[in-house]
1. Assess whether Q81 counts as being part of a loop (DSSP other than H, G, I, E, B), among the polar types (S, T, N, Q), within 13 Å of the chain's Cα centre (by Cα) and at pLDDT 85 or above.
2. Restricting to the stretch 277-321, count the residues that are more than 26 Å from Q132 (Cα to Cα) and open to solvent by 90 Å² or more (accessible area, probe 1.4 Å).
3. L215 fails exactly one of the following numbered conditions: (1) open to solvent by 50 Å² or more (accessible area, probe 1.4 Å); (2) modelled with pLDDT of 85 or more. What is the number of that condition?
4. Could you look through the stretch 322-369, keep only residues that are modelled with pLDDT of 75 or more and of a type in the set (V, I, T), and pick out the one that is surrounded by the most Cβ atoms within 10 Å (Cβ to Cβ)?
5. Considering only residues that are basic (K, R) and not in a helix (DSSP H, G or I), which ones fall in the stretch 255-295?
6. Has the stretch 199-220 got any residue that is among the basic types (K, R) and outside any helix (DSSP H, G or I)?
7. Here's a check for you: in the stretch 242-254, which residue that is out of contact with any Phe, Trp or Tyr (no Cβ under 7 Å at 6 or more places or on another chain) and in a helix (DSSP H, G or I) is farthest from T229 (Cα to Cα)?
8. Would you tally the residues in the stretch 102-116 being assigned to a helix (DSSP H, G or I), touching a residue at least 40 places away in the same chain (Cβ under 8 Å) and either closer than 15 Å to F151 by Cα or charged (D, E, K, R) (or both)?
Amino acid sequence: MPFLGQDWRSPGWRWVKTEDGWKRFEPFSPALENKNNQLNDISHTVILTGDEDEEIYTTEDCELAAKKRKKDHCRNNTNSQCFYRENWIYVHKESTRERHGYCTLGEAFNRLDFSSAIQDIRRFNYVVKLLQLIAKSQLTSLSGAAQKNYFNILDKIVRKVMEDQYNPRLIKDLLQDLSSTLCILIRGVGKSVLVGNINIWMCRLETILLWQQQLKNLQMNKQVNNGLTLSDLPLHMLSNILHRFSDGWDIITLGQVTPTLYMLSEDRQLWKKLCQYHFAEKQFCRHLILSEKGHIDWKLMYFALQKCYPIKEQYGDTLHFCRHCSILFWKDYHLALLLKDGGHPCTASDPNTCLMPVSPQHFIDLFKF
């Protein structure tokens, strides 16, 4: 009869789990020995407590100790690490034989790697807009872990803006909406809908107010460059740059740099094309604004229409949804070229035909039941 030890892989050998899979432990291997020390595998360790006495840990004690160390490590590194590093998640809204339960907004927010996405300039505005929508209406639907992850990502966003001075206006709007929502929940509803102690939420609200003050006092660094600058470009190139902006506030901000840019930012045709891009002609008739000379003031019309109708959202990169396998994922173009599957484990013959970009609002709607 064969001998069956505790380690089913091979009785008599010791195995260590690594990133590449299970490997057999060899005492003379320095690399594996270091990996073993990092894992703190004490399943068969004997700890001497004296010259003659010794205490041998049982398997159950070792498993409990390992779980406790893993839990403590997660708690100690929550502020600096994201809970998951995956780039995709299967979206299922009902139980099946293969999968029990359903996917929630909090689970998707944890599983998708938003912590790394904010480091990509193409995805930064997308993540900020998503956090803003969650702050307005979906904050209470997040689980406790997702809410903790939410504020950790928000902390990284504020740090990035303070260091790089990148788009502080967008973050100010996010913090304003978040602070308003928390004030209403804390004062009006209380902890009946907020996961965790009410004092924790008061501390989070104080942190948000501190962030708002830091962004208010943010001073833009003046860059010294002896080479070509934006002002050295021809007028037609500067005008072409302004016509590529999809946000009116960005046009106004750029127009404050130099008198030439200010003159170009006040062009009527520029604001007319911006209005035509975001709004329909029927909406123009309802909010027609004329200037003193009797012409249509397209700049004022843009901001008037913006208050009444949503504008088109434009992002460098977004989450994608595969209609074939119901997977929500970040489309990694480099990985897609290598695997030819759109950046996720797809079983379709042509995955690119099944992909659909997901806006921040569509992301939230996917998890409404």
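1. Values: part of a loop (DSSP other than H, G, I, E, B): yes; among the polar types (S, T, N, Q): yes; within 13 Å of the chain's Cα centre (by Cα): yes; at pLDDT 85 or above: no.
Considered against the rule, which asks whether it is part of a loop (DSSP other than H, G, I, E, B), among the polar types (S, T, N, Q), within 13 Å of the chain's Cα centre (by Cα) and at pLDDT 85 or above, Q81 comes out as no.
2. Final tally of qualifying residues: 9.
3. For L215, the failing item is (1).
4. It comes out as I327.
5. Of the residues in the stretch 255-295, the ones basic (K, R) are 268, 272-273, 282, 286, 293.
Across the stretch 255-295, the qualifying residue is only K293.
6. Taking the stretch 199-220 as the starting set, the residues that turn out to be among the basic types (K, R) are 204, 216.
Subsequent filtering for residues that are outside any helix (DSSP H, G or I) retains none.
The answer is no, given that none of the residues of the stretch 199-220 is among the basic types (K, R) and outside any helix (DSSP H, G or I).
7. Restricting to residues being out of contact with any Phe, Trp or Tyr (no Cβ under 7 Å at 6 or more places or on another chain) and in a helix (DSSP H, G or I), the top hit is W249.
8. Of the residues in the stretch 102-116, 3 are assigned to a helix (DSSP H, G or I), touching a residue at least 40 places away in the same chain (Cβ under 8 Å) and either closer than 15 Å to F151 by Cα or charged (D, E, K, R) (or both).
The values are calculated or read from the model by the stated rules, or taken from the named source; none is laboratory data. These numbers come from a predicted model, not from an experiment. Heads up, the Cβs are rebuilt from the backbone with ideal geometry, glycines too, and the neighbour counts pull from every protein chain shown. For the accessible areas, the whole protein counts, side chains as well, though only heavy atoms, and no ligand, DNA or RNA atoms are used. Shrake-Rupley method; radii C 1.70, N 1.55, O 1.52, S 1.80 Å.
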